[in-house]
Amino acid sequence: MNKKISFTFDGKKYSGFEGDTLASALIRNGVFLVGRSFKYHRPRGMISAGSEEPNAIIQLESGEITEPNVRATEIKIYEGLNATSQNNWPSLNFDLGSVNDLFSRFFPSGFYYKTFMWPPKYWEKYEYLIRQAAGLGRSPTKDDPHQYEHFHYHCDILVVGGGISGLYAAKLLAKANLKVLIIEQHPELGGQCLNTDSFKTHEVLIKELEEQNNKDNFKIIKNSTVFAYMHSNYLLACQKINNAKIRQIIWKIRATKVVLATGSIERFLTFDNNDRPGIMLANSARKYQNHCSAKDIKKIVIFTNNDTAYQTAIDFFYKQEVEVQAVIDVRKNSNGDLAKKAEKLGIKIFFNHAVIDTKGRKKINSVIISELDESLDKAIGRSKKLSCDLLCVSGGWTPTVHLFSQSKGILFYRESDATFIPDKSFQNEISIGACNGTFELDEILKETYSKISGLLTEFGKKIDVKSRINSEKIFYDKLKHLWIVPSNKHFGRTKMFVDFQNDVTAKDIKLALREGYRSIEHIKRYTTTGMATDQGKIGNINALGIISDLSGVPIHKLGTTTFRLPYTPVTFGAMAGRHIKEFFDVERTTPMHQWHVDCGAKFEDVGQWKRAWYYPIENEGILQAVNREVKATREGIGILDAS
């Protein structure tokens, strides 16, 4: 049994277990309401289990060590942790700001461009109120007591990601006598394989690599996120240490070759009232279910357009105290292995149906489902109501191509599963696994072996053929694109959220198109979709799909928005390192600096160098002192200390 740990959220004491994130610990305690949305102050809960989380943004600690906008999904709990919710008053449970939701029709995207402009003399009053409403958390007002460091590292090969593709690549590389560094953002290696019992080879891989760590030019660092891919294979990673001496380290890495194994992110589906607490990405819900038992979860519903969500239904089915009410699948049918297994278990499946609405203010209590017409454009027939405590949603998977794009690589749009995947590399790198659009385990293993074999050839090495591993093939049927789920309401009365943190809905995107915006970058700025602290990791592809549907322009012609660094937020303390206060801009002096000081010199800054400017005597000004020096030099000799 793991060690029990006490922590506080919004003044109330809870307990979790060692290894829990704040998000999993709250779910373990039956807490799903963790925040309010930025504009409408709608109740929000966790929807994911990783760095893509847009809702569970909290204020960590207080006083001089407080930190705003921290993801509850990324904080490991520790004894005495104190977290508070953000963007509410007077409390999370009773937030007066939620009145904005009642008047949301008056606050569409872009309203701020057309409001508060007149009469001009009232702008100062408007400005005060606007600035009071802006922002989410509170910045610290005192010096940060923590220490931060920067560390330079050179290697032959950098592997970014410790999921199955990264682990397999590292195993193949480890035997080639090359200097290898593997970086994993989570505290444990394994990635999605930690969330399954069907593939145990990853446990052997992890054990082998952990034993080899820090030996034979092989190094693993965990709790570290590569957030920038710059020129000449120069990458930056932030490692969270959180010990008594050092809090975080920025690794400055120069690699001969980079292997990107950054995985993928599950997508949401865009339907009416898809933002209530208790609505979660299917794979994230499965992860929480396999690692912690949530209170008050008795009935669940799965809503999907692909086969992977059926694994969530199967996992929950085997959890005795939870009833899987139904799987709602927008497709006509599925011949996938997981769907067939779910059917054999007796799980009810509604094919050609969709969730068209949800009920429950501070936590979901039911869903409204309806049959879809042939073209999936309309809800038809009589709708049905299903009670549930948890709605698990899956809209497919989006390869994590952020670092590849930062490296100036060119993406290709694959229509079959609506994904942007790496096409042409600009720098010396390869992408493998889910970030390369390869989602099935057996194909991931084949691709990794093939690409690492080619990589080793570049270094004049041969791959160890005995290290080849395989996996049982699972057949997944095709997913069905459905960017906007039909509703039985007028489109203008729906609240189908695309960007959860910034409260951007499908009708906001439609408004932007009606206003004349066509470029994806312009629509992004007008609506603010993808501009929150999560950078649209979940919602950007849905926004592109909706724009494509409404405008009739194919997604590949729309392109993508810019994948800017950092990939995840980085603290100012980590960026600064030890270059603060008197070390912020270090003074450099020449060997004869003290002589200048003794002679009463006034100094000027030339870069970081202190250079003697002039030497005043008594009350001389600069003009008199310089003229005296010039005269003395002309009549005798002068020395310039400009080294």
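The values are calculated or read from the model by the stated rules, or taken from the named source; none is laboratory data. Predicted model only: the values in this text are computed from it and were never measured. Cβ coordinates were reconstructed from backbone atoms using ideal geometry, including for glycine residues, and neighbour counts include every protein chain displayed. These area figures cover heavy atoms from the full protein model, side chains too; ligands, DNA and RNA do not enter into them. Shrake-Rupley method; radii C 1.70, N 1.55, O 1.52, S 1.80 Å.
Can you bin segment 44-98 into rounded, prolate or oblate? Criterion: square roots of the alpha carbon gyration tensor eigenvalues sorted a ≥ b ≥ c, rounded for a/c under 1.5, prolate for a/b above b/c, oblate for the rest. Because a/c hits 1.5 or more and a/b fails to exceed b/c, segment 44-98 counts as oblate.
Only one item in (i) 24; (ii) 32; (iii) 20 matches percent of Cα pairs over 42 Å apart derived from the coordinates shown, and that item is (ii). Between Thr115 and Tyr78, the modelled labels are 4.2 nm apart [label points 7 Å from Cα along Cα→Cβ].
Segment 572-616 and segment 454-496 have Cα centres spaced 55 Å apart. Put simply, when 257-264, 624-631 are sorted by average Cβ atoms within 10 angstrom per residue, most first, you get 257-264, 624-631. Between segment 11-26 and segment 316-391, the C-alpha centres lie 30 angstrom from each other. Spread over its residues, the convex hull of the C-alpha atoms of segment 1-134 is 129 Å³ per residue. Taken about its Cα centre, the chain carries a charge dipole of about 1300 debye when Lys and Arg each add +1 at the Cβ and Asp and Glu each add -1 at the Cβ. Its DSSP H runs of at least 4 residues, each contributing -39,500 (n - 2.57), put the calculated 222 nm mean residue ellipticity of the chain at -7000 deg cm²/dmol, to the nearest 500.
Look at the dipole of the chain built from charges on Cβ: of Ile474, Thr270, Asn82, the Cα furthest out on the positive end belongs to Thr270.
How fast does segment 499-643 diffuse by Stokes-Einstein, in µm²/s, taking the Kirkwood radius from C-alpha pairs at 10 °C and 1.306 mPa s? It comes out at roughly 76 µm²/s.
Solvent-accessible surface of segment 40-110, averaged per residue with a 1.4 angstrom probe and all protein chains in place: 38 square angstrom.
Charge tally for Tyr310 (other residues, Cβ to Cβ under 11 Å; Lys, Arg +1; Asp, Glu -1): -3. Computed about the Cα centre, the dipole magnitude for segment 409-507 is approximately 220 debye when only Lys and Arg (+1) and Asp and Glu (-1) carry charge, each at its Cβ.
As I understand it, the dipole of the chain uses +1 on the Cβ of Lys and Arg and -1 on the Cβ of Asp and Glu, about the Cα centre. Which of Tyr614, Ile368, Met117 lies farthest toward its positive end? Going by the Cα projections, it comes out as Ile368. For segment 273-388, what does the alpha-carbon gyration tensor say about shape, rounded, prolate or oblate, given a ≥ b ≥ c as the root eigenvalues, a/c under 1.5 as rounded, and a/b over b/c as prolate? It comes out oblate by the Cα gyration axes. Here the chain has 53 percent of its accessible surface on carbon and sulfur atoms, given a 1.4 Å probe and all protein chains in place. For Lys4, the aspartates and glutamates whose Cα comes closer than 17 Å to its Cα, not counting residues fewer than 8 places off in the same chain, are Glu18, Asp20, Glu79. How much net charge surrounds Lys610 when only the other residues with a Cβ under 15 Å from the Cβ of Lys610 are counted, with Lys and Arg +1 and Asp and Glu -1? Net local charge, Lys610 excluded: -4. Sites listed here are GluC sites (Glu not before Pro) in segment 23-102 whose DSSP assignment is loop and whose Cβ has at most 12 other Cβ atoms within 10 Å: Glu79. Of all lysines in the structure, those lying under 26 Å Cα to Cα from Lys581, and not within fewer than 8 positions of it along the same chain, are Lys142, Lys240, Lys245, Lys252, Lys602, Lys610. In segment 468-551, which GluC sites (Glu not before Pro) fall in coil by DSSP and have 11 or fewer other Cβ atoms within 10 Å? Of the GluC sites (Glu not before Pro), the ones in loops of segment 468-551 whose Cβ has at most 11 other Cβ atoms within 10 Å are Glu472. Find which of Phe497, His154, Leu173 sits farthest along the positive direction of the dipole of the chain, computed with +1 on the beta-carbon of Lys and Arg, -1 on that of Asp and Glu, about the Cα centre. Of the options given, the answer is Phe497. In a simple Cβ point-charge model (Lys, Arg +1; Asp, Glu -1; nothing else charged), segment 1-123 has a dipole of about 500 debye relative to its Cα centre.
Report for the chain the percent antiparallel among DSSP-assigned beta bridges with both residues inside it, nearest 5. Antiparallel: roughly 55 percent of the beta bridges in the chain. Annotation note: trypsin sites (Lys or Arg not before Pro) in segment 86-163 located in DSSP loop regions with a Cβ neighbour count of at most 12 within 10 Å are Lys142. Shape index of segment 427-525: Rg/Rh, with Rg the Cα radius of gyration and Rh the Kirkwood radius from the inverse mean 1/r over Cα pairs, equals 1.22.
Between Thr633 and Glu323, the modelled labels are 9.4 nm apart [label points 7 Å from Cα along Cα→Cβ]. Beyond 25 Å in Cα-Cα separation lie the following of the pairs Lys341/Lys478; Lys175/Lys473; Lys125/Lys363; Lys13/Lys537; Lys359/Lys489: Lys175/Lys473; Lys125/Lys363; Lys13/Lys537.
The tail of the calculated P(r) for segment 199-320, taken as Cα-Cα distances beyond 25 Å, holds 51 percent of the pairs. Here the Debye sum runs over all C-alpha atoms of segment 123-183 as equal scatterers in vacuum, and log10 of I(q)/I(0) at q = 0.17, 0.26, 0.29 Å⁻¹ comes out as -0.73, -1.06, -1.17.
Assuming a ≥ b ≥ c are the square roots of the Cα gyration tensor eigenvalues, decide whether segment 227-266 counts as rounded (a/c under 1.5), prolate (otherwise, with a/b larger than b/c) or oblate.
Oblate, since a/c reaches 1.5 and b/c is not below a/b.
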